[in-house]
Amino acid sequence: MVLPGLVSAHSHAFQRALRGKTQRTAKDTGTFWSWREAMYAQATALDPESIYRISRVAFDELRASGVVAVGEFHYIQHQADGTPYDDRTLLADTVIAAALDAGLYVTLLRVAYFRAGAGRDAEPGQRRFCDPDVELVLRDVDALRSKYRGHARVRIGVAPHSVRAVPKEWVRECAAYAKKHAMPLHMHVSEVQGEVDECLAEHGVRPMELIASVDGLSDRFVAVHGTNLSEPEAALLGGAKGFVCACPTTERDLGDGLAPIATLRDRGVRLCVGIDSHIVTDGIEELRALETHERLRLRRRVTFEPTVASTPAEQLWLEGSEHGARAIGFDPNELPKTTIELDQPALALVEDRFALDAIVYGGNGLRAEVTAR
């Protein structure tokens, strides 16, 4: 069966090196925040060579699972102490090279990062993520756009990390730049309740409301996670025809919670999926969990009627392929296809007319081949 190629719209490739290292004792890695400290330690230890090596492993594994394109939310910019490299885009170029060498299409989402939170300077583990001025961030985006202009397999986007990590004016500047250049604008939004609480304390509004107030919402805006979005926030994003990129395997690994998928669908938000921390590499599992996690949240089966496809499985595949492609700035027709042979053990006894349903809901461990363009 030949299908549109799957897209992972949100990735932190370097976190592939953490697999297996954060699963033992609750006192060390029992919350999102303690897991984050382990991630910072990993990030601090990296150099260009190890970033390439780890990213290549992550991207090779993605491609072997049927993923054809990735949005790399790239926030390791500088040396461990925060000093820029002589070539300021060295690490971005390194990650792009790893994706291309793995045979993927890639959107490098250059992250803007400034602080630990409202009134708090960057912590030691965050220094290599940070820039002192948003103009430096946008100059780097300019440089990357110029370098990869016309490259068939590379796109560039801009990504203020979160309302916690950048001030309001940085969100405004990044949004204006993305709009001017018709680029993807990605941002972690409401991943954990603590982020929502900090935004309310600093700005008096919830994260999506803050982004809307600086003209950040559009059909190119991608809210990553959206785990704690309220119904009015979903309506704001849906009115702009924006995206939520859910990352179900990472969200369940970190205990973030379950995004309100039914509410997002009802309010017109487009959905896509991302591998995020590479805790599990299975492109089909990410899109399957859009529905199976929602069944757990709502405690019922088949939680939506498809609106842009004939069956739920078809709509989930569309969200994992076409929506993902558009979220990272590619025309879906530019991307390779994914081929899944139906003679695999997981698909035995399945009638042809139910093949896609079986792939989406029961296709663990499937061999998926990417059809090169």
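For the pair Arg353 and Arg88, what calculated FRET efficiency results from E = 1/(1 + (r/R0)^6), where r is the Cβ-Cβ distance and R0 = 41 Å, to the nearest 0.05?
The computed FRET efficiency comes out at 0.15.
Would you calculate, for the chain, the mean residue ellipticity at 222 nm contributed by helices, counting each DSSP H stretch of 4 or more residues as -39,500 (n - 2.57) and dividing by all residues, to the nearest 500?
-11500 deg cm²/dmol
Over the chain, with a Gaussian network built from C-alpha contacts below 10 Å, which listed residue (Leu210, Leu342, Leu185) shows the highest mean-square fluctuation?
Between Leu210, Leu342, Leu185, it is Leu342 that shows the largest mean-square fluctuation.
Spin-label point model (7 Å from Cα, Cβ direction): what's the Glu61 to Leu298 distance in nm?
3.2
If R0 is 35 Å, what FRET efficiency do you get for Asp142 and Leu342 from their C-beta distance, rounded to 0.05?
0.15
Looking at the square roots a ≥ b ≥ c of the eigenvalues of the Cα gyration tensor of region 285-366, which shape do they give, rounded for a/c under 1.5, prolate if a/b is larger than b/c, or oblate?
Oblate shape, in that a/c is at least 1.5 and b/c is the bigger or equal ratio.
Using only the alpha carbons of region 1-123, determine the length spanned along each of the three principal axes and report them from longest to shortest in whole angstroms.
51, 40, 27
Which value, to two decimals, describes the C-alpha radius of gyration of region 2-371 once divided by 2.2 N^0.38 Å?
0.93
Could you tell me which of the pairs Lys179/Lys241; Lys21/Lys337; Lys168/Lys241; Lys147/Lys180 are separated by over 26 angstrom between their Cα atoms in the structure shown?
Where the Cα-Cα span goes over 26 Å, the pairs concerned are Lys21/Lys337.
Would you list Glu319, Glu61 from fewest to most Cβ contacts within 10 Å?
Least to most surrounded, the residues fall as Glu61, Glu319.
Quick one: which residues, 5+ away or cross-chain, put their amide H under 5 Å from the amide H of Thr311? H built at 1.01 Å from N.
Under 5 Å from the amide H of Thr311: no residue qualifies.
Can you tell me the length gained on complete extension of the stretch Glu123 to Asp197, counting 0.36 nm per residue apart and subtracting the Cα distance?
24.7 nm
Which whole-number percentage describes the relative contact order of region 2-371, with Cα contacts under 8 Å and a sequence gap of 6 or more?
Across region 2-371, relative contact order equals 20 percent.
Going by average Cβ density within 10 Å per residue, which order do the peptides 177-183, 144-150, 15-21 take, highest to lowest?
15-21, 177-183, 144-150
Compare Pro312, Pro184, Pro345 in a GNM of the chain, Cα atoms joined below 10 Å, and give the one with the largest fluctuation.
Comparing Pro312, Pro184, Pro345 in the GNM, the peak value goes to Pro345.
Could you list Thr250, Thr44 in order of exposure, starting from the residue whose Cβ has the fewest other Cβ atoms within 10 Å?
Ascending Cβ contact count within 10 Å gives the list Thr44, Thr250.
Rounded to the nearest 0.05, what FRET efficiency is calculated for Val2 and Ala152 with R0 set to 22 Å and r the Cβ-Cβ distance?
Once rounded, the FRET efficiency stands at 0.55.
Looking only at Asp131, Asp142, Asp93, which one moves most when the chain is put into a Gaussian network model with springs between Cα atoms under 10 Å?
Of Asp131, Asp142, Asp93, the most mobile in the Gaussian network model is Asp142.
Computed from the coordinates by the stated procedures, all read-outs in this text should not be read as laboratory data. Owing to the predicted nature of the structure, the values given are computational and were not obtained by experimental measurement. As a convention, Cβ positions derive from the backbone with ideal geometry for all residues, glycine included, and neighbour counts pool all protein chains shown.
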